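These notes concern the structure reproduced below.
The values are calculated or read from the model by the stated rules, or taken from the named source; none is laboratory data. Just so we're clear, the structure is a prediction, and the values are computed from it rather than from any experiment. Every residue, glycine among them, receives a Cβ derived from its backbone with ideal geometry; neighbour counts consider all protein chains shown.
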Amino acid sequence: MTESPDSGHDIPSAGPSAGPSGVAGGVAALLVRQAGVISRAQAIACGMSGRTVARRASTGAWCMVHPGVYLVAGHRPGHESRVRAAALWAGPRATLSGPAAAFRHRMLDEPPGTIGFTVPRTMHRVPVPGSPSPG
């Protein structure tokens, strides 16, 4: 089994002070570490309100890539953002697996088209049909 860096589930303790782009400092730092991807829970833990998260999603500033997981405008979609988004959606007990894990460990030259995770038997995550995917 392999583990994605930072386990994809950072929840910083930084407060809501806004940076020059209008994104709270804790959120901005998290977006840098997570390739522009953030979960609703992470944004709220950084001091954003649920209403602010919903507004950013409704205006297109944040694009939902999985339920409760967003790619923030201005960040380039790609393999890393897809892995981060899937990790956040799959949950903290999920582990990157298959060709995506092999690519992460430089065992493959090209990123795979599908991102796979292994989850505990008791966990039930089913991909949402038609769910958008960055990259």
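When every residue of the stretch 66-78 is checked against the conditions, at least one turns out to be of a type in the set (D, E, K, R) and more than 29 Å from Pro120 (Cα to Cα).
You will find that of Ala73, Ala61, the residue that is under 16 Å from Ala28 (Cα atoms) and in contact with a Cys (Cβ under 9 Å, 6 or more places away or on another chain) is Ala73 and no other.
Comparison of Val27, Val72, Val53 shows that the only residue that is modelled with pLDDT under 95 and more than 19 Å from Arg93 (Cα to Cα) is Val27. For the stretch 81-118, the set of residues classified as among the polar types (S, T, N, Q) and in contact with a Ser or Thr (Cβ under 8 Å, 6 or more places away or on another chain) consists of Thr95, Ser97, Thr118, listed by residue number.
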